[in-house]
Amino acid sequence: MPSQFRIPKATIDGAYGALMTRFARRTWGQVPDNAHVLWHHKPLMRAVLGFEQKVARWHALDPHLKAYAEMASAGAIGCSWCLDFGYFMAHTKGLDEAKVREVPRWRESDAFTDLEREVMAYAEAMTATPPEVTDEMVARLDERLGHAAVVELTMMVAVENQRSRFNSAMGLASQGFSDVCELPLAPAGTARA
């Protein structure tokens, strides 16, 4: 289902718009729908883009775990745009597509290690309202990953919550980014711990 923009889709124009459009098409093949929403508030858009550039430089957490956490959070929120884009990004980073596609049904899938399952459970627990994170969850992850990686994991899930909640609230849906991937995303599972 295409995006149902809840505010009018902005026309990206001007010199900055041309530069942004060219960058988006070169990087992702198309302009993300959220750019058409953010364009309505250019100072906010520049702040978000600057922050995302900084987030992309964080490297304390294994990129596989980061991708699984982001997608588990997006799935818990129900943001099809974020799942679509997340799968595309995992594909472009060379992550195992057969495994990444299973994230929406990670509880039923036998594709994941115990650590990967703990990371996705933590991402979902953080995403719940109110959060369901326990001292035990954090202690286990800290023991296995270390302080810096747990802090980065926590912030990545918080960032994904921001992304997914913004995109969902603005009516954005899967845009077809994952169409270039070899395998489609698995349908969401039903089991809950």
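The values are calculated or read from the model by the stated rules, or taken from the named source; none is laboratory data. This structure is a prediction, so every number in the text was calculated from the model and none was measured. Glycine gets a Cβ as well: all are built from the backbone with ideal geometry, and neighbour counts include every protein chain shown. Ligands, DNA and RNA are stripped out before the accessible areas are found, and what is left, the full protein with its side chains, is counted by its heavy atoms. Shrake-Rupley method; radii C 1.70, N 1.55, O 1.52, S 1.80 Å.
Relative to the longest principal axis of the Cα atoms of the chain, the long axis of helix 114-127 lies at roughly 60 degrees.
Looking at the chain as a GNM with Cα springs under 10 Å, which of Arg144, Arg165, Arg105 has the largest mean-square fluctuation? Of Arg144, Arg165, Arg105, the most mobile in the Gaussian network model is Arg144.
Straightening the chain between Tyr16 and Lys93 buys 25.0 nm, computed as 0.36 nm per residue apart minus the Cα-Cα spacing.
Annotation for region 41-88: trypsin sites (Lys or Arg not before Pro) lying in DSSP loop with at most 12 further Cβ atoms inside 10 Å of their Cβ are Arg57. Net charge in the neighbourhood of Ala149 (other residues with Cβ under 9 Å of its Cβ; Lys, Arg +1, Asp, Glu -1) is -2.
Averaging the Cα positions of each part gives two centres, and for region 125-152 and region 19-75 these lie 24 Å apart. Given the options Glu52, Glu132, Glu116, which has the most mean-square fluctuation in a GNM of the chain, springs set between C-alpha atoms less than 10 angstrom apart? So, out of Glu52, Glu132, Glu116, the one fluctuating most is Glu52.
Across region 1-80, Cα pairs under 8 Å and at least six residues apart give a relative contact order of 23 percent.
With an a/c value of 1.5 or above and a/b not larger than b/c for the gyration tensor axes a ≥ b ≥ c computed over the alpha-carbon atoms, region 77-121 is described as oblate. The apolar share of the surface of region 61-193, taken as the fraction of accessible area on carbon and sulfur atoms (1.4 Å probe, ligands and nucleic acids excluded), comes to 56 percent.
For the residues Leu172, Leu19, Leu153, a GNM of the chain with alpha-carbon springs under 10 Å puts the largest fluctuation on Leu19.
Rounded to the nearest percent, how much of the accessible area of region 1-56 (1.4 Å probe, protein heavy atoms only) is carbon and sulfur? On region 1-56, the fraction of accessible area on carbon and sulfur atoms equals 61 percent. What region 45-193 shows is 50 Å² of accessible area per residue, with the surface traced by a 1.4 Å probe over protein heavy atoms. The phi-based Karplus calculation (6.51 cos²θ - 1.76 cosθ + 1.60; θ = phi - 60°) puts the 3J(HN,Hα) values of region 57-67 at 8, 6, 9, 6, 9, 3, x, 5, 4, 4, 4 Hz, whole numbers, x for Gly and Pro. For Lys99, the lysines whose Cα comes closer than 21 Å to its Cα, not counting residues fewer than 8 places off in the same chain, are Lys66. Label sites at Arg46 and Phe23, each approximated as a point 7 angstrom past Cα along Cα to Cβ, lie 1.2 nm apart.
As a length-normalised measure over Cα pairs under 8 Å and 6 or more apart, the relative contact order of the chain settles at 35 percent.
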